[in-house]
Protein chains: 2
Amino acid sequence: MARHARYDRKTALEKAVGLFWAKGYHGSSMKQIEQALDMRPGSIYATFGSKDGLFSEALAAYAEQGGRELAVHLKGFDSIVEGLQDYLRGIACTCGDKGAAPSRACMIVKTLLESSNTHPALADQANSILSAIEQSIAGLVEQARVNGELVQSTDSQRLARLLQAQIMGLRSMGERKLDPQIMRDLGDDMAAILDGYRTQH
Amino acid sequence: MARHARYDRKTALEKAVGLFWAKGYHGSSMKQIEQALDMRPGSIYATFGSKDGLFSEALAAYAEQGGRELAVHLKGFDSIVEGLQDYLRGIACTCGDKGAAPSRACMIVKTLLESSNTHPALADQANSILSAIEQSIAGLVEQARVNGELVQSTDSQRLARLLQAQIMGLRSMGERKLDPQIMRDLGDDMAAILDGYRTQH
DNA sequence: TTATAACTTGAATGACCACTCAATAACAGT
DNA sequence: ACTGTTATTGAGTGGTCATTCAAGTTATAA
């Protein structure tokens, strides 16, 4: 009946994530978006509706990818706590690594800080995603508690928020481009915080 | 010889801090700046040179103010460690409070995340300020170690970075606008991290 | 009072912003 | 080959961006 779409939505979104993650919403112009996606304005607007729409979809794609990575990471560990500790150390390594990701800081946090007083809709979306992540970490922590890895009196939600704050802080520190060894030490220190909540010392 | 300046530089900078802290560099237009400072473009450019120049001075003013607040806060404590712990709890309360500051997150971190891939000069400035803060915290931690508040083997620089990351994470979490009690708990949990480095348990 | 220097004003500037749409191109079904 | 449908193109839209500067205003010095 008609012509094929030359562009794959998923591929285009990945490229959009790359640009938005690096430069943020206000820092990415349509000109740059056109170049990054190799699409002309008409196609972009036909596919994603608006710059807002594209950013929103990109942020959702980023969050989904991040969630998948955490899940995959934890698959490799018998102990949930050790998995989380290694996750923190892994972030510290990634943040120490040069020129890998578009940015070392978390795109969700960057979006939250950028948009909280300029773009409520984006801030709401970032907040929702952060709540979902908090919940999923809380689920893991609760499971670890039930498993006996953590002291019985542990408040899972509360520990989850402490961990989420660690990740935010760690990745924001990453943006400072400190020496990789320093980032590794920081990751270790954050992982060690969890030891204080474990049953066996 | 000539006319007085109608505008006080310091006052204007305070107003600029209010706007830039809330909306960031890209999110603040010259129109909004004119309104916030109650100055016309000519006066702004005569006084601060450019939007960049104004932002840079505002960021420096913000950092100086923040440094002063930390120093004043610690004056009220005999124990440096307890002073730092209370500082964390205080941030948590401020972040839980409604409609106080222009933003709950730290302007320096906001600037770093916003500008690291769009405005290298601003990113450099933010990095310098963060290094200076790290150093000043390290000095406090070292003093606490020498005082015998912290275990002798404590790496002051390293603990300083862990604390800085806590502040970053805490204030970023503040931007989520969670329940004040939740923020207080988070502040307590972060303060408790320091207990692990203390001499007396 | 007058001359002069310092400061303020705001309309004007060209560049760039997100976005639109008529024209064109590429397919599928007949 | 022809037709109908859908995708792509890119010059063009009005608006906003940071910035400039000639003209106007206000103070001080002579």
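Quick notes on this structure:
- Residue within region B:43-57 that is within 14 Å of chain A (Cβ to nearest Cβ), within 16 Å of DNA strand C (Cβ to nearest atom) and of a type outside the set (A, V, I, L, M, F, W, C) present: yes
- Close Cβ contacts (under 7 Å, 6 or more residues apart or on different chains) running from residues in region A:115-139 that are free of Cβ contacts under 8 Å to residues at least 12 places away in the same chain to residues that are acidic (Asp, Glu) comprise A:Ser116/B:Glu175.
- Only a single item in (1) closer than 16 Å to A:Arg171 by Cβ; (2) within 16 Å of DNA strand C (Cβ to nearest atom) is not met by A:Cys95, and it is number (2).
- Residue ID - nearest to DNA strand D (Cβ to nearest atom), chosen from residues in region B:9-32 that are away from every other protein chain (no Cβ under 14 Å) and either in contact with a Ser or Thr (Cβ under 9 Å, 6 or more places away or on another chain) or among the aliphatic types (A, V, I, L, M) (or both): B:Met30
- Any hit, region B:30-40, residues being away from DNA strand C (no atom under 13 Å from the Cβ), touching a helix residue (DSSP H, G or I) at 6+ places or on another chain (Cβ under 8 Å) and either open to solvent by less than 40 Å² (accessible area, probe 1.4 Å) or farther than 22 Å from B:Val141 by Cβ (or both): yes
- Looking only at residues of region A:111-154 that are in contact with a helix residue (DSSP H, G or I) (Cβ under 8 Å, 6 or more places away or on another chain) and among the acidic types (Asp, Glu), we find that the one that is most open to solvent (accessible area, probe 1.4 Å) is A:Glu142.
- With respect to (1) open to solvent by 50 Å² or more (accessible area, probe 1.4 Å); (2) in contact (Cβ under 8 Å) with a residue 24 or more places away in the chain, the lone exception for B:Cys95 is condition (1).
- Of all residues in region A:174-199 being within 16 Å of A:Val141 (Cα to Cα) and open to solvent by 40 Å² or more (accessible area, probe 1.4 Å), the one that is farthest from the other protein chains (Cβ to nearest Cβ): A:Thr199
- Of residues in region A:50-64 being open to solvent by 50 Å² or more (accessible area, probe 1.4 Å) and touching a residue at least 24 places away in the same chain (Cβ under 8 Å), the one farthest from A:Pro120 (Cα to Cα): A:Glu57
- Subset of region A:58-90 (residues that are part of a loop (DSSP other than H, G, I, E, B) and either touching a helix residue (DSSP H, G or I) at 6+ places or on another chain (Cβ under 6 Å) or within 16 Å of DNA strand C (Cβ to nearest atom) (or both)): A:Phe77
- Within region A:167-189, residues that are at pLDDT 95 or above reach partners that are aromatic (Phe, Trp, Tyr) with beta carbons closer than 9 Å, at six or more positions or on different chains, in the pairs A:Ile167/A:Tyr87.
The values are calculated or read from the model by the stated rules, or taken from the named source; none is laboratory data. Computed from a predicted structure; not experimentally measured. FYI the Cβ positions are ideal-geometry reconstructions off the backbone, even for glycines, and counts take in every protein chain you see. Side chains included, ligands, DNA and RNA excluded: accessible areas come from the protein's heavy atoms. Shrake-Rupley method; radii C 1.70, N 1.55, O 1.52, S 1.80 Å.
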